[in-house]
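Asker: I'd like to ask you about the structure that follows.
Throughout, read-outs are computed from the coordinates displayed, never taken from laboratory work. For clarity, every value in this text was computed on a predicted model and none was experimentally measured. Cβ placement follows ideal geometry from the backbone for every residue including glycine, while neighbour counts extend to all protein chains displayed.
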Amino acid sequence: MKSIRILRLAILLLVCVNLFLLVQLYGKPKHPPRLSQIVKAEGAQAQKLDKEMRRHHRVVIGWTQHQVELRQKLARTQTKDALVRSLLLDQISQYQRKIDSITIAHFDRVNQLCTPAQEKHFQKFQAKILEPFHPKR
């Protein structure tokens with residue numbers, strides 16, 4: 001009798017873990033495919049586009065990491081340190097401005113590498129990627 005109760009509990013636990021993992025898997029935005037797939041490029045052009053995307057990603061990750069560190073410092077500051085908080089907020093906004101300018105320059109470089117037909121595909125992707133992510137409720 002006790003072993004049946006343990007089995008039922010184990011099954012219930014597994015079902016709960018599976019449901020949790022499904023929510024985690026489908027609740028996140030999908031990672032975009034390679035840039036060459038988005039604009040339907042092939043050969044040397046595809047390699048250039050994918051290289052540009054990797055370069056852009058590396059640079060943005062670096063600046064984003066700096067931003068995360070500043071936000072952590074901001075969260076740890078005391079309420080009475082208004083000047084420190086103000087300085088940290090200014091730095092965070094400067095980093096965001098840098099990230100956005102890097103991204104716009106990246107879009108310009110990609111547009112230069114694309115044919116007119118590919119530019120249309122990229123502009124659709126660009127509009128979609130610039131929309132803020134709001135999880136479905």
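Asker: Below 15 angstrom from the Cβ of residue 95, what's the summed charge of the other residues (Lys, Arg +1; Asp, Glu -1)?
Answerer: That sum, taken over residues with Cβ under 15 Å, equals +1.
Asker: Below 8 Å, C-alpha to C-alpha, sequence gap of six or more: please give me the relative contact order for the chain in percent.
Answerer: 30 percent
Asker: Run the simple label-point estimate for residue 81 and residue 69 please: 7 Å along Cα→C-beta, distance reported in nm.
Answerer: 1.6 nm
Asker: Between 0 and 90 degrees, rounded to the nearest ten: what's the tilt of helix 2-27 against the longest Cα principal axis of the chain?
Answerer: That helix lies at roughly 20 degrees to the long axis.
Asker: Okay, moving on. Helix 82-113: angle to the longest alpha-carbon principal axis of the chain, degrees 0 to 90, nearest 10?
Answerer: 60 degrees
Asker: Using the Cα centre of the chain as the reference point, and only Cβ charges (+1 on K/R, -1 on D/E), how large is the resulting charge dipole? Debye, rounded to the nearest 20.
Answerer: Computed about the Cα centre, the dipole is about 620 debye.
Asker: Mind checking the dipole of segment 58-103: about its Cα centre, +1 per Lys or Arg Cβ, -1 per Asp or Glu Cβ, Debye to the nearest 20?
Answerer: My answer is approximately 80 debye.
Asker: Alpha carbons only, please: Rg and Dmax for the chain, in angstrom.
Answerer: Expressed in Å, the Cα Rg and Dmax of the chain come to 22.5, 71.
Asker: What angle do you read, to the nearest 10 degrees and between 0 and 90, between the alpha-carbon axis of helix 116-130 and the longest principal axis of the chain?
Answerer: 40 degrees
Asker: Among 105, 82, 122, whose Cα sits farthest toward the positive end of the charge dipole of the chain (+1 at Cβ of Lys/Arg, -1 at Cβ of Asp/Glu, about the Cα centre)?
Answerer: 82
Asker: Between residue 58 and residue 126, what is the label-to-label distance in nm when each label sits 7 Å out along the Cα-to-Cβ direction?
Answerer: Computed distance between label sites residue 58 and residue 126 equals 2.4 nm.
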